[in-house]
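What follows is a set of notes on a single structure, which appears directly below.
The values are calculated or read from the model by the stated rules, or taken from the named source; none is laboratory data. Treat the numbers as computed from the prediction; the structure is a model and nothing was measured. All Cβ positions, even for glycine, are placed from backbone atoms using ideal geometry, and neighbour counts span all protein chains on display. Ligands, DNA and RNA are stripped out before the accessible areas are found, and what is left, the full protein with its side chains, is counted by its heavy atoms. Shrake-Rupley method; radii C 1.70, N 1.55, O 1.52, S 1.80 Å.
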Amino acid sequence: MKKIIMFIMALCLIAPAAMAQQALTPKQEKLCNKNAKDRAKDLKKKGYEIMGSLPLQDALYKHFAKMELGATEQQGNGHSKSKNNGRQMCLTSAMSEYASKAVSQIKGRSVTDAYGNEIDTENDPEFARFYAAYERLTQKEIKGELQESFTIVKENADGSYDFTMYFLVDEDKALARRQKAMKDAAAESNLAQNYAKQVSEFINEPLK
């Protein structure tokens, strides 16, 4: 019983410390407030409003705060006369754009064969198949890691709507998804093991 009590006390001490690590500094709070205020003003001037009950500036503040704590942003865009269709288009757009960035990260990078000769990966059919498979599989894998932050919408004169959906991505989790996509793409395209190993090192770099 004594050990259990000590364990609970230890957890009580650890929890506040963990929460403190997730708290913004006064400087970060000030920056997030300023950025949220400026961005909200700019978006409203362009005719956008937020979908949902949360005020746009508050949604932006929460969004920027999470980015300060390590999340990365991914946007998706859509155009439709249906708000439901527009939201789905935004998700598809975000998945596609993320996958495109993932391929750009590795495409054209220097890869050598077993003899140390550099491969022309831009024009090699083996790599072309791999790149196409990697982009398609990354798009599929990343869907579960795109966490919707908020969506803005602007109504046009013809009754259609322009949408932008803002997502947040935990890049540690996203990296695991890209690694799985790379492994599956290499197997699907029969990419040589030596090449796959070199490409995997590029994938482990932060996605820009």
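Go through region 147-165 residue by residue and tally those that are in contact with a Lys or Arg (Cβ under 7 Å, 6 or more places away or on another chain), more than 16 Å from residue 45 (Cβ to Cβ) and outside any loop (DSSP other than H, G, I, E, B). Looking only at that region, the number is 4.
Contact map, region 20-41: first residue β-branched (Val, Ile, Thr), second residue open to solvent by less than 80 Å² (accessible area, probe 1.4 Å), Cβ cut-off under 9 Å, separation 6 or more or different chains; pairs are 25/68.
Filtered by the rule that a residue be surrounded by fewer than 16 Cβ atoms within 10 Å (Cβ to Cβ) and out of contact with any Cys (no Cβ under 9 Å at 6 or more places or on another chain), region 75-87 gives 79, 81, 82, 83, 84, 85.
Residues that are of a type in the set (A, V, I, L, M, F, W, C) and not in a helix (DSSP H, G or I) are absent from region 131-140. Under 7 Å between Cβ atoms, which residue pairs at least 6 apart in sequence (or on different chains) link something in region 180-201 that is of a type in the set (Asp, Glu) with a partner that is part of a helix (DSSP H, G or I)? Correct list of pairs: 184/137; 188/133.
From the set of residues in region 40-69 that are charged (D, E, K, R) and within 19 Å of residue 155 (Cα to Cα), which is most open to solvent (accessible area, probe 1.4 Å)? So the residue we want is 45.
Specify the residue that is nearest to the chain's Cα centre (by Cα); the eligible residues are those in region 171-204 that are open to solvent by less than 70 Å² (accessible area, probe 1.4 Å) and charged (D, E, K, R). Only one residue tops the list, namely 171. Evaluation of residue 151 against the conditions (1) crowded, with 18+ Cβ neighbours inside 10 Å; (2) at pLDDT below 95; (3) among the polar types (S, T, N, Q) shows that the sole unmet condition is (2). Remark: pairs (first residue in region 63-79, in a strand (DSSP E or B); second residue open to solvent by 70 Å² or more (accessible area, probe 1.4 Å); Cβ separation under 6 Å; 6+ apart in sequence or on different chains) = 78/89.
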